[in-house]
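Every number in this text was worked out from the coordinates using simple rules, so none of it is lab data. Keep in mind it's a predicted model, so treat the numbers as computed, not measured. Please note: Cβ atoms are built from the backbone with ideal geometry, for glycine as well, and neighbour counts cover all protein chains shown.
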Amino acid sequence: MHKYEMIIYWSDEDGVFVLDVPELPGCMAHGDTRGEALQAPGKAVALWIETARAEGQPIPEPRGRRLMYA
């Protein structure tokens, strides 16, 4: 299990809950309910990491602390 911070929010535009993994740019999952969205990030993170490795891109280590946004 990867320990990246995840942020979940409701998207009016898409009509779903979106789960964002900010430490992995573009890594997101979604679901019709919070529960569905919370079950999806493992696959999204694994796919993001697999793709980064295949492209020779660096994989950020989880910061292990809460991210700060202004």
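Consider the candidate values (1) 105; (2) 156; (3) 90; state which one is volume of the Cα convex hull per residue in Å³ computed from the structure displayed. Among (1) 105; (2) 156; (3) 90, the one derived from this structure is (1).
Taking all Cα pairs closer than 8 Å and separated by 6 or more residues, the relative contact order of the chain comes to 29 percent. Using Cα atoms only, what is the angle between the long axis of helix 41-54 and the major principal axis of the chain, expressed in degrees (0 to 90) to the nearest 10? In the chain, helix 41-54 runs at an angle near 30 degrees to the longest axis. Note on residue 43 and residue 14: their simple-model spin labels are 1.4 nm apart, each label 7 Å out from Cα toward Cβ.
Can you give the FRET efficiency to the nearest 0.05 for residue 7 and residue 51, using r as the Cβ-Cβ distance and R₀ = 22 Å?
Working: r = 21 Å, r/R0 = 0.95.
Here the calculated transfer efficiency is 0.60.
For residue 27, the residues 5 or more places off, or on other chains, whose built amide H falls under 5 Å of its own are 21.
Given the -39500 (n - 2.57) contribution per DSSP H run of 4+ residues, what per-residue ellipticity at 222 nm results for the chain, rounded to the nearest 500 deg cm²/dmol?
Dividing the helical sum by the residues of the chain leaves -8500 deg cm²/dmol.
Do any chymotrypsin sites (Phe, Trp or Tyr not before Pro) in the range 4-70 lie in a loop, going by DSSP, with at most 12 other beta-carbon atoms within 10 Å of their beta carbon, and if so which? Show your work: numbers first, answer last.
Numbers: sites: 4, 9, 10, 17, 48, 69; in loops: 4, 69.
Of the chymotrypsin sites (Phe, Trp or Tyr not before Pro), the ones in loops of the range 4-70 whose Cβ has at most 12 other Cβ atoms within 10 Å are 69.
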